[in-house]
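Undergrad: First the structure, which I've put down as structure tokens, then a few questions once you've had a look.
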Amino acid sequence: MSIEIEDDLIRLRLFSASDIDFLKEVYFSTREKELQQVNDWTNEMKVSFLTHQFEAQHEYYLKNYVGAEFFVIEKASEKIGRLYYNEGFDSTIRIIDIALLPKFQKKGFGTIILKGIFERAKEIQQNVTIHVESFNPAMKLYQKLGFKKISETNGVYHLLEWNYKN
């Protein structure tokens, strides 16, 4: 795998066991708005729930995406997000997950990384796919960058595809 990133300050680094707490922090941030609506749980209950959900998701990804690469996204050596990526998944590049901490969102970093993935897709002639929840604010970015919906599950999960030939 060789994703070339245009910005010299942005780097993808394979995660290690010492990154688990950071990866958990990124995951927690993706569920923050959802859990703000749960008023009858204590903070301890929310942390326990999120920890369990993170561990289940992490184990699922490791088990079911054999050959995938799990990256910490860094900007000038500061950890800012995660990218879980699998080349050759059903003859595509599958973005299993991409998430940035909230303070690094809407600054162009996601676009920079996605464009690097697109260049890799062109190089190996594979489309790029990603599952996105219909209410995910990043949906607009994916559509702007040329992803098209190819299927939908339960009206919530959209499978999007970016065609390397476009």
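Read-outs: derived from the displayed coordinates by stated rules, not from any lab. Please read these numbers as outputs of a predicted model, since none were measured by experiment. Here Cβ is always computed from backbone atoms with ideal geometry, including for glycine, and neighbour counts include all displayed protein chains.
Undergrad: For region 79-164, which chymotrypsin sites (Phe, Trp or Tyr not before Pro) are in a loop by DSSP, counting at most 10 other Cβ atoms within 10 Å?
TA: Working: sites: 84, 85, 89, 104, 109, 118, 135, 142, 147, 157, 162, 164; in loops: 135, 147, 164.
Passing sites in region 79-164 are 135.
Undergrad: Calculate the FRET efficiency for residue 64 and residue 8 from the Cβ-Cβ distance with a Förster distance of 30 Å, rounded to the nearest 0.05.
TA: Values: r = 34 Å, r/R0 = 1.13.
According to the calculation, E is roughly 0.30.
Undergrad: So which aspartates and glutamates can residue 149 reach, going by Cα to Cα under 12 Å and dropping same-chain residues fewer than 8 places off?
TA: Excluding near neighbours in sequence, the set is 133, 161.
Undergrad: Would you be so kind as to identify which of 143, 5, 88 lies farthest towards the positive end of the dipole of the chain, taking Lys and Arg as +1 and Asp and Glu as -1 on Cβ and the Cα centre as origin?
TA: After comparing all options, I get 143.
Undergrad: If you take the Cα atoms of region 1-94, find Rg, then find the Kirkwood Rh from the mean of 1/r over all pairs, what is Rg/Rh? Walk me through the intermediate numbers first.
TA: Details: Rg = 15.4 Å, Rh = 14.9 Å.
Answer for region 1-94: 1.03.
Undergrad: Still on this structure: Please report the net charge: other residues with Cβ closer than 15 Å to the Cβ of residue 119, K and R +1, D and E -1. List each step's numbers first, then the result.
TA: On the way: positive: 115, 120, 122, 165; negative: 4, 6, 7, 87, 123.
In short, -1.
Undergrad: Further question on the same structure: Mind checking which aspartates and glutamates have their C-alpha under 12 Å from residue 115, skipping anything on the same chain fewer than 8 residues away?
TA: Counting by Cα, and skipping residues close in sequence, residue 115 has these aspartates and glutamates nearby: 4, 6, 7.
Undergrad: Just one of (i) 16.0, 51; (ii) 17.8, 58; (iii) 14.5, 45 is Rg and Dmax of the Cα atoms in Å calculated from these coordinates, so which is it?
TA: So the calculated entry is the one marked (i).
Undergrad: For the residues 72, 156, what sequence is obtained by ranking on other C-beta atoms within 10 Å, fewest first? Please list the in-between numbers first.
TA: Values: 72 20, 156 12.
Result, fewest neighbours first: 156, 72.
Undergrad: Another one. List the trypsin sites (Lys or Arg not before Pro) within region 87-149 that DSSP assigns to loop and that have no more than 13 neighbouring Cβ atoms inside 10 Å.
TA: On the way: sites: 94, 103, 106, 107, 115, 120, 122, 140, 144, 148, 149; in loops: 106, 107.
Listed in order of number, the matching sites are 106, 107.
Undergrad: When we measure straight from the Cα of residue 165, which aspartates and glutamates land under 18 angstrom away, once same-chain ones fewer than 8 places off are left out?
TA: Those aspartates and glutamates meeting the cut-off are 87, 90, 119, 123.
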